[in-house]
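Novice: Next up is a structure, given as structure tokens.
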Amino acid sequence: MKSGLIITGGKIDLAFARDFLREKGALADCVVSVDGGLEVTKALGLVPDAIVGDFDSVHPEILEEYRKNPEILWDVHRPEKDETDTELAINTAIKLGCARLMILGATGGRLDHELSNIHLLKLCLDLGVEAFLYDAWNKVYLLDGGKRFVRGETYGTYVSFIPLTERVRGITLRGFKYPLTGKDLTVGVEAGLCVSNEVKEEEAFISFESGILICVESRD
């Protein structure tokens, strides 16, 4: 499975990004940089395979430096467009053959962008592409079926499940600090029920009958 690293133009803690690259950078077969994300890309010493955006939030000298490299694929758009830069970057990464995406800079800044980026995970899910949003505190992805969690291997101490679809039916949690059996979750109802759970046993499992969940693995 070909993996892609997307560096968007949102807030990215540089120290976290360097640690992330040391840990997971080798997993990326290609790098797609988005607009203002070029500054972080340059600071990390990366040469992207593709650069995407309208380039309204990147220093011209950085842009010009990358333009000198003939091997980089450019996907240039007008500022007035229907898609966000992150959506365009996801589409570009998929066109490059990536079936697994690690996305930095999609959270922690403007709330409208963050919510939009979380919903873009549904686009990936529909296309059969695994996609994960990472920042210094969170790993965010979608679940449309069961999953096993191993204690000590989650991104942080806490694991939260939040309904993306209007209703998620029959949620069962085993091996967690707060177990559940056959519980339905509805958007806006008992919103905190599956927030800040923890893996208590060596392995923990979630299963459910239908719907889609946002899963957030978090640390303080």
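Novice: Report Leu164's accessible area, 1.4 Å probe, all protein chains in place, as a number in Å² to the nearest 10.
Specialist: Approximately 40 Å² for this residue.
Novice: To continue, here is another question. Each residue of segment 41-55 in turn: what ³J(HN,Hα) in whole Hz from Karplus with 6.51, -1.76, 1.60 and θ = phi - 60°, glycine and Pro shown as x?
Specialist: Values per residue, Gly and Pro as x: 4, 5, 4, 7, x, 9, 10, x, 6, 8, 10, 10, x, 9, 6 Hz.
Novice: Also, I was wondering about something else. At 0.890 mPa s and 25 °C, plugging the Kirkwood radius over alpha-carbon pairs of segment 57-126 into Stokes-Einstein gives what diffusion coefficient in µm²/s?
Specialist: 176 µm²/s
Novice: Set the bar at 26 Å for Cα to Cα. Now go through Lys24/Lys177; Lys11/Lys177; Lys147/Lys177; Lys42/Lys147 and name every pair that lies beyond it.
Specialist: Pairs exceeding 26 Å: Lys24/Lys177; Lys11/Lys177; Lys42/Lys147.
Novice: Once R0 is set to 41 Å, what does the formula 1/(1 + (r/R0)^6) return for the Cβ-Cβ distance between Arg110 and Arg148, expressed as a FRET efficiency to the nearest 0.05?
Specialist: 0.75
Novice: Further question: For the chain, compute Rg over Rh where Rg is the Cα radius of gyration and Rh is the Kirkwood radius from the inverse mean 1/r over Cα pairs.
Specialist: Using only Cα positions, Rg/Rh for the chain is 1.00.
Novice: Arg22 versus Lys177, label points 7 Å from Cα toward the beta carbon: distance in nm?
Specialist: Roughly 2.8 nm, to one decimal.
Novice: If you plug each phi of segment 187-192 into the Karplus form 6.51 cos²θ - 1.76 cosθ + 1.60 with θ = phi - 60°, what whole-Hz ³J(HN,Hα) values come out, in order, with x for Gly and Pro?
Specialist: 4, x, 10, 6, 4, x
Novice: Can you order the peptides 166-177, 132-143 by their average number of other Cβ atoms within 10 Å per residue, highest first?
Specialist: Ranked from most to least packed, the peptides come out as 132-143, 166-177.
Novice: Shifting gears a bit: Apply the Karplus parameterisation 6.51 cos²θ - 1.76 cosθ + 1.60, with θ equal to phi minus 60°, to every residue of segment 16-32 and state each ³J(HN,Hα) to the nearest whole Hz, in sequence, with x for glycine and proline.
Specialist: Ordered by residue, 3J(HN,Hα) equals 4, 4, 5, 5, 4, 5, 4, 7, 10, x, 5, 6, 8, 7, 8, 10, 10 Hz.
Novice: Rg to Rh ratio, segment 160-220, alpha-carbon atoms and Kirkwood radius?
Specialist: Value, to two decimals: 0.94.
Novice: Quick one: P(r) of segment 91-173 from all Cα-Cα pairs, 10 Å bins, percents rounded to integers, in order of increasing distance.
Specialist: Percent of pairs per bin, in order: 14, 46, 35, 5.
Novice: Here is a further query. Could you give the distance between the Cα centres of segment 153-220 and segment 1-61, to the whole Å?
Specialist: Centre-to-centre (Cα) distance: 31 Å.
Novice: Also, quick follow-up: When Lys and Arg each count +1 and Asp and Glu each count -1, what net charge do the other residues less than 14 Å away from Trp137, Cβ to Cβ, add up to? Don't jump to the answer; show the numbers that get you there.
Specialist: Values: positive: Lys11, Lys139, Arg219; negative: Asp13, Asp19, Glu114, Asp135, Glu217, Asp220.
The answer is -3.
The values are calculated or read from the model by the stated rules, or taken from the named source; none is laboratory data. Please read these numbers as outputs of a predicted model, since none were measured by experiment. Please note: Cβ atoms are built from the backbone with ideal geometry, for glycine as well, and neighbour counts cover all protein chains shown. Heads up: the accessible areas ignore ligands, DNA and RNA and are worked out on the full protein's heavy atoms, side chains in. Shrake-Rupley method; radii C 1.70, N 1.55, O 1.52, S 1.80 Å.
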